[in-house]
Amino acid sequence: MQIIKLDATQSTNTYLKDLSFNKELSDFTVITTKNQTLGRGQMSAKWESESGKNLAFSILKNNINVPIQRVFLVSVCVSLAIVDALNRLGIPNLSIKWPNDILSGNSKIGGILIENILSGSKIKRTIIGFGLNVNQEVFKNAPNASSLKNIMGTNFDLDSVFYSLIEQLHSYLNKPIDSLEQELYGQYHSQLFRIGESSSFKNQDGSLFTGTIEEVSIGGKLIVKHENGDFQEYGLKEIQLLY
């Protein structure tokens, strides 16, 4: 494991991806910064972060050996590792909001961004980015956001939180995750936000409907049961859970 700490960078994912194309990097190379100026989420969403208050890091995982059609298994594994680490820090009411958010109660405290490099029918290597709100108290453009400090009422040592997360991610990602698919999805569904509960959703066209989250498919799509009993799969940005 190699950890590279930067004073500031636009995006740890972009920095690590560029670095990996220019030189051979060891497995589990980590880039971290306390000031990520242009953090990204899924589908180019922006991540609001106050300098020196939060964590932003990216991990290079080589030879992850997961077939392309099961690519969401990487996200499942990463989400479970993060929830495990935060549980160990005593953060309450943790859950995973599909596809890439970590919540405490109804508040978003973290976001995952995974970018894969493919080789044939399998993932050659993957870059796993994670941003965690730690000591920031005010979020101007993210009404559902919170932080560990807001939730627990105390300041956290950024390095301690960082190494707790890295330890669990290293442990989970070194498992043969392709052969543990059923077990990992079972754990994932047990942590999935609002699974089995009647919820309000918004379609791409802005229309609203009520349905129930049943599960997440092997392909990473959200399976929702509509009020009329029909089941439908939704991909990234095709549906928004209102909460």
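The values are calculated or read from the model by the stated rules, or taken from the named source; none is laboratory data. The structure displayed is predicted, hence computed values, not measured ones. FYI the Cβ positions are ideal-geometry reconstructions off the backbone, even for glycines, and counts take in every protein chain you see.
Some observations on this one:
- Only one of the numbered conditions (1) touching a residue at least 40 places away in the same chain (Cβ under 8 Å); (2) surrounded by fewer than 17 Cβ atoms within 10 Å (Cβ to Cβ); (3) over 26 Å from I223 (Cα atoms) is violated by Y163, and that is (1).
- Out of Y188, Y172, Y234, one residue alone is among the aromatic types (F, W, Y), surrounded by 14 or more Cβ atoms within 10 Å (Cβ to Cβ), touching a Leu at 6+ places or on another chain (Cβ under 7 Å) and farther than 19 Å from I102 by Cα. It is Y234.
- Among the residues making up region 201-218, those that are small (G, A, S) and either assigned by TED's automatic domain parsing to the domain that holds S79 or surrounded by 13 or more Cβ atoms within 10 Å (Cβ to Cβ) (or both) are G211, S217.
- Yes/no for T154 being free of Cβ contacts under 8 Å to residues at least 24 places away in the same chain and in contact with a His (Cβ under 9 Å, 6 or more places away or on another chain): no
- With respect to (1) exposed (fewer than 13 other Cβ atoms within 10 Å of the Cβ); (2) touching a helix residue (DSSP H, G or I) at 6+ places or on another chain (Cβ under 9 Å); (3) among the aromatic types (F, W, Y), the lone exception for F156 is condition (1).
- Single match in K53, K17 (criterion: at pLDDT 80 or above, assigned to a loop (DSSP other than H, G, I, E, B) and of a type in the set (K, R)): K53
- From the options I109, I31, I102, residue that is over 12 Å from the mean Cα position of the chain (by Cα), buried (at least 21 other Cβ atoms within 10 Å of the Cβ) and not in a helix (DSSP H, G or I): I31
- Residues being over 17 Å from F57 (Cα atoms) and either aliphatic (A, V, I, L, M) or within 16 Å of the chain's Cα centre (by Cα) (or both) - total across region 149-166: 2
- Residue among K175, K140, K149 that is assigned by TED's automatic domain parsing to the domain that holds N106 and either of a type in the set (S, T, N, Q) or over 24 Å from V30 (Cβ atoms) (or both): K140
- First in region 125-146 and closer than 18 Å to T9 by Cβ, second anywhere and in a loop (DSSP other than H, G, I, E, B) and aromatic (F, W, Y), Cβ under 7 Å, 6 or more apart: G131/W47; V134/F156
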